[in-house]
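Quick notes on the structure that follows.
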Amino acid sequence: MSDNMIKITLPDGSVKELEKGSSGLDVALSISEGLARNVLAAEVNGQVWDATRPITTDATIKLLTWQQDEGKATFWHSSAHLMAEALEALYPGIKLGIGPAIEGGFYYDIDFGDQDFDSENLKVLEDKMLELAREKNEYVRKEVSKSDAIAYFEEKGDEYKLELIDGLEDGEITFYTQGGFTDLCRGPHIPNTGFIKAVKILNVAGAYWRGDEKNKQLTRLYAVTFPKQKELKEHLELLEEAKKRDHRKLGKELELFTFSQKVGQGLPLWLPKGAMLRERLENFLKKAQVKAGYDPVVTPHIGNKELYVTSGHYEKYGEDSFQPIHTPNEGEEFFLKPMNCPHHCEIYKAKPRSYKDLPVRLAEFGTVYRYEQSGELHGLTRVRGFTQDDAHIFCTPDQVKEEFLKVIDLVLYVFKALGFDDYTAQISLRDPENREKYIGSDENWEKAEKAIQEAAAEKGLNTVTEYGEAAFYGPKLDFMVKDALKRSWQLGTIQVDYNLPERFELEYTGSDNQKYRPVMLHRAPFGSLERFVAVLTEHCTGKYPLWLTPDQIAVLPISEKYAAYAEEVYAQMEENDIRGFIDHRDEKIGRKIRDAETKKIPYMLIVGEKERDESKVSARRHGEGDLGSFSHQEFIDLFKEAAKI
């Protein structure tokens, strides 16, 4: 091969030889013109680049289209630049903050100065963006010196960009230009604006510059773009459906939880029905854990500062923790615990351990606390106090695979019982090019990584492997679950940890009477109860599996004359562990049925003269209508069959 050629390795392992300076777009053209028309960016040696950026050395390349998340992110970040160009054209003199891609679109923070911008301007902005997109202007990358970058934005009078430049090193600054607009940006971007065919401004909000309440509040414009108008239409329909499924709305309607300013932001209050739902989830998992050989433990909500210094959580979460609790003893400090694992390490360490004792499996529904910024709080999905279904397994290196297989079984059991059937397992491994940033021996890492891969393969999981995504303390397996709206959530996680056993000097005595460090596995099928309830509620629109539903039946007497019979029916249901209530209100039966439907009560048992005389109930199923007439035992049998996990 001549010095003017480079080798390009594609994801399938095939190798192409191209001229030095070829781009990802050139690679796509060498495969097919159709692919080249759809390439938005290229992942070059693990970094996302412009599809048009020259490649000068041998490289591993993955071509990115709209089908990949990285492709969408590049598309949306480029759209943020297009929005900024349109805004400068419509509102000369504005100052720009930042404009990143986010999940489901992008935003840009704008200082409009004395100019007015409100919702009436949105259509004008959308039209201007599309007008500029049709010009098919290329996104051109240019490396600039720090002095030139400062000079450019000083002339524009944009103090926000100047503040960003101040934190950058000379030699790492790049500008991107499309049409008449230039922005400070590290990229990457799509080849040209012509890819952007559909635009929607979703929301206008306020945002403090750099998230600091001491700074000026800017106007944040949220938006989304697509390469086809049809895709935008489908996306907007999904957003409307998401509003109906919003767990905050359903949580209020179903009386599950609430928040109080007096209690504090991000600290949920579980109402009786929500507490019942939560308790059932806990009991469901506790029962499965006992069968799987876990021992329950309980640890305090606080811990001495030294505990978290030893574990490293003080360094990692110190800024995100609540203020320390000072006792009357000088220098003594406690923290609300940010994680349960340091406490579990101390439980393991409470007595000598032998290889015959391992694995030790400790499980706890432990509540932890982190001081999330108020602007980041969101219903139950982002809170300041949450309960993790935490468990930590202490085992020998040779036991890692077997323990992984058992945890996978438990996670899949949870998913099946709760109706999550669309999931992918992400295997996160070390970066093979940068091993020095990880702790633990190469031998243990290789053994753990092999164990994870073999366990996932044996279980037939649909997996993706990400190199460089492992935690510094060990490889991991994350379960990415898609809900009914095809939104992706990380729900289950299994992590291998060599760090905490080292920090806490955990030991076990081997068969040779020598001391060894155990391997620690972190495991949480739910993740946090709060977030899991939010995701589950939106996934099933509040129509929980029958075994989990707080109120499973509503007994509806047609009038007060049948109240005594309603009590008799309900008493028999209670004896058979069927939960619910009697609607004794002085309302017509049609109203009672409608209200029970609104509350998503799975079964309605209507009782009147005929039912009383025949000792039966007329049953209705939520969303299905009349089921017919049943004796008490017939309904109980039907219910128990439907409530099986």
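Residue exposure proxy: Glu131, Glu33, Glu346, ordered by other Cβ atoms within 10 angstrom of their Cβ from fewest to most, comes out as Glu33, Glu131, Glu346. Residue-wise HN-Hα couplings along region 520-526, as the Karplus relation 6.51 cos²θ - 1.76 cosθ + 1.60 with θ = phi - 60° gives them from phi, are 10, 10, 9, 8, 8, x, 7 Hz; Gly and Pro carry x. Between region 455-496 and region 1-45, the alpha-carbon centres lie 29 Å apart. In this structure, the residue pairs whose Cα-Cα separation is over 26 Å, taken from Lys20/Lys476; Lys406/Lys437; Lys244/Lys482; Lys252/Lys592, are Lys20/Lys476; Lys406/Lys437. When you filter the GluC sites (Glu not before Pro) in region 36-123 for DSSP loop state and at most 15 other Cβ atoms inside 10 Å of their Cβ, you are left with Glu103. Close amide-amide hydrogen proximity is noted between Phe420 and no other residue 5 or more places distant or on a separate chain, at a cut-off under 5 Å (H modeled in the peptide plane; Pro and chain starts excluded). Estimated from helical segments only, the mean residue ellipticity of the chain at 222 nm is -10500 deg cm²/dmol, where each DSSP H run of four or more residues counts as -39500 (n - 2.57). What whole number of Å gives the distance from the Cα centroid of region 48-68 to the Cα centroid of region 622-645? With region 622-645 and region 48-68 each reduced to a Cα centre, they are spaced 58 Å.
Between helix 589-598 and the chain there is an angle of about 40 degrees, using the helix long axis and the longest principal axis of the Cα atoms. The HN-Hα couplings worked out from phi for region 63-69 by the Karplus form 6.51 cos²θ - 1.76 cosθ + 1.60 (θ = phi - 60°) are 7, 10, 10, 4, 6, 9, 4 Hz, whole numbers, x standing for Gly and Pro.
Each part reduced to its alpha carbon centroid, region 279-339 and region 207-229 end up 35 Å apart. Under a model in which nothing but the beta-carbon of Lys, Arg (+1) and Asp, Glu (-1) is charged, the chain shows a dipole of about 1540 debye around its Cα centre.
Taking K and R as +1 and D and E as -1, what net charge do the other residues with C-beta under 9 Å from the C-beta of Ala470 add up to?
Within the 9 Å Cβ shell, the charges total -2.
Summarising the amide proton neighbourhood of Tyr208: residues at separation of 5 or more, or on other chains, whose placed amide H is nearer than 5 Å comprise Leu218. Across region 629-645, coupling constants 3J(HN,Hα) worked out from phi with the 6.51/-1.76/1.60 Karplus curve, θ = phi - 60°, read 9, 9, 5, 4, 5, 4, 5, 4, 5, 4, 5, 5, 5, 6, 8, 5, 7 Hz, and Gly and Pro carry x.
For Ser22, the residues whose modelled amide H falls within less than 5 Å of its own, excluding neighbours fewer than 5 places apart on the same chain, are Ile55. For the chain, the longest principal axis of the C-alpha atoms and the axis of helix 529-540 are separated by about 90°. Dipole orientation for the chain: of the candidates Gly527, Gln373, Tyr498, Gly527 has the Cα lying most toward the positive pole (charges on Cβ; Lys, Arg +1; Asp, Glu -1). Could you state the angle between the C-alpha long axis of helix 563-575 and the longest principal axis of the C-alpha atoms of the chain, as a value from 0 to 90 degrees rounded to the nearest 10? The two axes meet at around 70 degrees. Rounded to the nearest 20, the size of the Cβ-charge dipole of region 5-65 about its Cα centre is 60 debye, with Lys and Arg at +1 and Asp and Glu at -1.
FYI, it's all coordinate maths here, none of it is from the lab. Since the structure is predicted, the reported quantities are computational estimates derived from the model, not experimental observations. Cβ sites come from the backbone with ideal geometry, for glycine too, and all protein chains shown count toward neighbours.
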